[in-house]
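K.L.:
Quick one: this structure, given as structure tokens, is what I'll be asking you about.
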Amino acid sequence: MVNLVAAQKPLLNLLMKMAGVKTHTVEIEPGTVMNFWVPAEVTLKKPTKPVVVLVHGFAGEGIVTWQFQVGALTKNYSVYVPDLLFFGGSVSDSADRSPRFQAETLVKGLRKLGVERCTVVGFSYGGMVAFKMAELYPEMVRAMVVSGSILAMTDSISVETLGRIGFKSSSELLLPTSVKGLKALLSVAAHKKLWFPDRLHKDFLEVMFGNRKERGELLEGLVISNKDTTIPNFRQKIHLLWGENDQIFQLELAHNMKEQLGEKATVESISKAGHLVHLERPCAYNKCLNKILASLHQDDADNNSSSSSETKTTQ
């Protein structure tokens, strides 16, 4: 019997190519390869437009997660969509499962693709990777837009979050093994109840939840002790773009994070949307995202103009 989700992939791939991106595999080092969707015209050349990197969450690979955003961005930006390690076609023989290793691998891949500076948009697990990228590589990450994520998954946040939404472990939530489990994940991730036939749920489980052993280890490597938590002194502007009804990482967490991050951080919420805000309300999300990116680009242009004027005055 044909897997309906797998059968839709060629169509999604075609739509992405029509939007101006194509798939490209990068060998980071022997034993580690990462799959990217990259601008069709630049594959191994430096991009000519401002770079936006879209980093996916835990329940889907890159192009599935960001399918509604790519086409809305490619006119003005060079868009790169990676599959993090053990998602899509990305694998590694390294035993490291930390967000730091994901960030380091992603940056190495971007550099091999000619990317020197970028704005990173991270969702959920991808947001934690994005925060680590910004901390470790401030010269590359010029700004961040983060949705439904936190700086780091501390043991207290993990226990509180799982207890509140009724799951015993992160694996039970994020690595469902049954239609019932997948329905439970979707029920807390989406604001509105989503209905799909059981056949589609089964097909989604088969296609989107591979590398279960490694992904389980990624979840184990995600949680850190409260006593090991520090707030990095980020140089970048950080925009927290949230679903107002996010049940997993509630809007209150975003406001608390903004207080921790200080004046460089802003919070904006989208009504009638949950954790999957970019999929539930893509038009509203894309409008906000484009506005944020345009503002960042204008700020850079103004700063460059100011720097140029000061140099001429000095001369």
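K.L.:
Please enumerate the residues belonging to the stretch 125-154 that are in contact with a His (Cβ under 7 Å, 6 or more places away or on another chain) and either of a type outside the set (A, V, I, L, M, F, W, C) or surrounded by fewer than 21 Cβ atoms within 10 Å (Cβ to Cβ) (or both).
P.N.:
Gly126, Ser147, Gly148
K.L.:
Condition check: within 24 Å of Lys272 (Cα to Cα) and either modelled with pLDDT under 95 or not in a strand (DSSP E or B) (or both). Does Lys168 satisfy that?
P.N.:
no
K.L.:
How many residues does the stretch 1-39 contain that are part of a helix (DSSP H, G or I), of a type in the set (S, T, N, Q) and open to solvent by 80 Å² or more (accessible area, probe 1.4 Å)?
P.N.:
1
K.L.:
If you check Leu175 against the conditions, is it among the hydrophobic types (A, V, I, L, M, F, W, C), under 19 Å from the mean Cα position of the chain (by Cα), modelled with pLDDT of 95 or more and surrounded by fewer than 23 Cβ atoms within 10 Å (Cβ to Cβ)?
P.N.:
No: the conditions fail for Leu175.
K.L.:
Please go through the stretch 87-119 and give me each residue that is farther than 23 Å from Phe209 by Cα and not basic (Lys, Arg), ordered by number.
P.N.:
Glu104, Val107, Gly109, Leu110, Leu113, Gly114, Val115, Glu116, Cys118, Thr119, listed by residue number.
K.L.:
Residues that are out of contact with any Leu (no Cβ under 6 Å at 6 or more places or on another chain) and open to solvent by 20 Å² or more (accessible area, probe 1.4 Å): which helices (runs of 4 or more DSSP H) entirely in the stretch 181-295 hold 3 or more of them?
P.N.:
198-208, 212-222, 251-261
K.L.:
Out of all the residues in the stretch 206-219, is one or more modelled with pLDDT of 90 or more and among the β-branched types (Val, Ile, Thr)?
P.N.:
Among the residues of the stretch 206-219, not one is modelled with pLDDT of 90 or more and among the β-branched types (Val, Ile, Thr), which makes the answer no.
K.L.:
For the stretch 145-172, which residues satisfy the criterion of being within 20 Å of the chain's Cα centre (by Cα) and of a type in the set (A, V, I, L, M, F, W, C)?
P.N.:
If the condition is that a residue be within 20 Å of the chain's Cα centre (by Cα) and of a type in the set (A, V, I, L, M, F, W, C), then Val145, Val146, Ile150, Leu151, Ala152, Met153, Ile157 are the ones that fit.
The values are calculated or read from the model by the stated rules, or taken from the named source; none is laboratory data. On a predicted model such as this, the values are computed, not experimentally measured, just so you know. Because the Cβ atoms are built from the backbone with ideal geometry, glycine has one as well, and the counts that use them run over all protein chains shown. Ligands, DNA and RNA are stripped out before the accessible areas are found, and what is left, the full protein with its side chains, is counted by its heavy atoms. Shrake-Rupley method; radii C 1.70, N 1.55, O 1.52, S 1.80 Å.
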